[in-house]
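Scroll down for the structure; my scribbles are underneath it.
The values are calculated or read from the model by the stated rules, or taken from the named source; none is laboratory data. Predicted, not measured: the structure shown is a model, and the values here were computed from it. Cβ placement follows ideal geometry from the backbone for every residue including glycine, while neighbour counts extend to all protein chains displayed.
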Amino acid sequence: MKLWIAFWNIVAKDFRTYYLKPPNISWGLIFPFAWTGMFFIRSGRGLESIADILPGVIALSILFGTTSLLSVTVTFEKKNRSFERLLLAPIPLELLMLAKTGGAILFGVVNAFVPVAMAAFLVNPLRVDWLVFVPAVFLISVASTFLGLFIAVAVSEVFEAQTFSNFFRFPMIFLCGLFFPVSALPVFLRPLAYVLPLTYGADMLHGAIHGGNVMPFAVDLAALAGFCVVLFMVSLYNVRRRWIA
Amino acid sequence: MNDIAIEVRGLAKRFGDVQAVAEVDFAVRAGELFGFLGPNGAGKTTTINMLTGLARPDAGTVRIGGIDCTRNPRAAQHLIGVVPDESNLYPELTGFDNLCFCAALYGMAGGERRARAGELLEMFDLTAAAGRRFGGYSKGMKRRLTIAAGIIHRPPILFLDEPTTGIDVASARQVRRLIGELHEHGTTIFLTTHYIDEAERLCDRIAFIVAGRIVGVDLVANLVHPVRDKQVMLIACAPGAQDLVGELAEAFPALECTCPEPGSIRIEAREPIPVGPLVHFIEARGAEVSEARKIRPSLEDIFVRITGIGADAMRREKEKSGGKQ
Ligand SMILES: Nc1ncnc2c1ncn2[C@@H]1O[C@H](COP(=O)(O)OP(=O)(O)OP(=O)(O)O)[C@@H](O)[C@H]1O
Ligand SMILES: [Mg+2]
């Protein structure tokens, strides 16, 4: 009960001070607009191609939305020392890091529905297998957030966190089967796709939106969950080793 | 809680080639106000960080309230409150929201949080600023709110890292009064400072730390005792203070004369010091006396004796590095 109060207030504070700020909200809206617009114009095929690019736009919305936030809620707070306040509180480190990431996970999930809402407005009717879509969005959000956490605790400056996350984010745009299948990649790049969590998430989204998944959902789910656990454990290890050093 | 609130043995910490803390041992009794006194870079903050779970010792054991924190430095977080040397509150939140947030970290429920925050704002004279952003507070206000945040959960053990550095005289006095009140109410307090008079006034017991090592620990009363009956006088004169020390010692065998810094002579004696004859003697030798001042012997003298560091030098160094917030 007491830990729950702490957990909830950490999440609520981050929401109030970071996530619900106008720049973040507009970012959440502009980003999917820009990507949808860009691919729409580029493909030149008209509205029917929206279902093809929607999974990619959703995945990127989540990835960019969540990873950029962690550099603020974690790296920035570490830098200005307010993170120490949290480390001094009697909260298990696991719970503390879940609280610091919980808001970003939620933010990622909300971000995912922005392009969906736009697409639903343009394509009538938009057929989505929600039973696959919802867990996929949730797990992509968790995995991206934990990737952001991994980056945020590995660096000490906010700008480093930004640069370092781009190192992961930009290759993911091309390698994870978001806008063209992994099989279209040169053979030597394909293995790389399978060590990135977004590949599995995007596969599920393709399946949920136009039935275009190449792996069984169980494999996708297991891989995503595995990435989540590993990234979280490595981040915790890094906090213990580097921040309580 | 058991009788010893903080127990430290063989504590050590190294950063690269700097041995920040070496072989530190001490114990603080429950309810005691323990001073940790030392110059810049002595290892005070590093020690506090190791005691409060923000740093992992290279060697040694730490017990807080009977809990062994050696393996898990954060094992006793529920027993401690910490006021760091630099504020670690949220600049974008108001004073009131900062306190409520800190209270929530300790599991306090909504109504209790608000009541406690209001009570502390009142106690620290910050009620009028409660709704303003913390980032816009003055240094003294920031420090007071940081102390309030440190005691929001009424911790039995409180760590204060240089609580009066960098704030004005009135704020410092207020902070000292509040520390005294907490002490009276039974809180165990671990206080670091480089102000010797502050340590002397507030603390029950003091440890002197220099270059990461404790060079003396005792009750303030015991530390002061050997110098209490002493008369001390400081004479500022130029030029040639140094050369005069020897002559003075010969002419006044009952006095102990030293030259702590160029241009000043320090006289110590068990009986009243003959000021007139001394000044005459010095002026007769061509040196001009600009000031002769009796000083109350204090911990400063003991500090100088056991560390070999002049307290003025320590203060100057501190001021040069700037009062931090
Ligand atoms: N994170 C760190 N990395 C490298 N060196 C450090 C670190 N923290 C402290 N030190 C070094 O350890 C020594 C002790 O520092 P510490 O901050 O504990 O001193 P202090 O007694 O608190 O000094 P001050 O009065 O200036 O606050 C110093 O030489 C300092 O430079
Ligand atoms: Mg310090």
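For the reader, a short list of remarks on this structure follows.
- Filter result for the condition that a residue is more than 16 Å from ligand 2 (Cβ to nearest atom) and under 21 Å from B:Val28 (Cα atoms), over B:Leu191, B:Leu223: B:Leu223
Residues checked against (1) more than 17 Å from A:Ile151 (Cβ to Cβ); (2) in contact with an Asp or Glu (Cβ under 9 Å, 6 or more places away or on another chain); (3) surrounded by fewer than 16 Cβ atoms within 10 Å (Cβ to Cβ); (4) of a type outside the set (Asp, Glu):
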site	(1), (2), (3), (4)
A:Pro191	yes, no, yes, yes
A:Tyr194	yes, no, yes, yes
A:Leu198	no, no, no, yes
A:Met204	yes, yes, no, yes
A:Ala208	yes, yes, no, yes
A:Val214	yes, yes, yes, yes
A:Ala225	yes, no, no, yes
A:Val230	no, no, yes, yes
A:Met233	no, no, yes, yes
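- Residue in region B:173-185 that is away from every other protein chain (no Cβ under 14 Å), within 16 Å of ligand 2 (Cβ to nearest atom) and in contact (Cβ under 8 Å) with a residue 60 or more places away in the chain present: no
- The residues on offer are A:Leu96, A:Leu70, A:Leu139, A:Leu149, and the sole one that is within 14 Å of another protein chain (Cβ to nearest Cβ), buried (at least 19 other Cβ atoms within 10 Å of the Cβ) and not β-branched (Val, Ile, Thr) is A:Leu96.
- The strands (runs of 3 or more DSSP E) located wholly in region B:130-226 that include 1 or more residues which are among the β-branched types (Val, Ile, Thr), assigned by TED's automatic domain parsing to the domain that holds B:Ala12 and within 16 Å of ligand 1 (Cβ to nearest atom) occupy B:188-193, B:205-210, B:213-219.
- Test: residue in region B:127-146 that is buried (at least 22 other Cβ atoms within 10 Å of the Cβ) and either under 26 Å from B:Leu11 (Cβ atoms) or within 14 Å of the chain's Cα centre (by Cα) (or both): yes
- For beta carbons closer than 6 Å, sequence separation of 6+ or different chains, a first residue in region B:40-53 that is more than 22 Å from A:Leu86 (Cβ to Cβ) and a second that is among the hydrophobic types (A, V, I, L, M, F, W, C) and near ligand 1 (Cβ under 6 Å from one of its atoms), the qualifying pairs are B:Gly43/B:Ala20.
- Extreme residue, farthest from ligand 1 (Cβ to nearest atom), among residues of region B:54-73 that are without any contact (Cβ under 8 Å) to a residue 40 or more places away in the chain and surrounded by 20 or more Cβ atoms within 10 Å (Cβ to Cβ): B:Cys69
- If the condition is being under 11 Å from the mean Cα position of the chain (by Cα) and more than 10 Å from ligand 2 (Cβ to nearest atom), then region B:37-50 contributes B:Leu37, B:Pro39.
- Hits in region B:8-18 - residues which are more than 13 Å from ligand 1 (Cβ to nearest atom) and either crowded, with 17+ Cβ neighbours inside 10 Å or within 14 Å of another protein chain (Cβ to nearest Cβ) (or both): B:Val8
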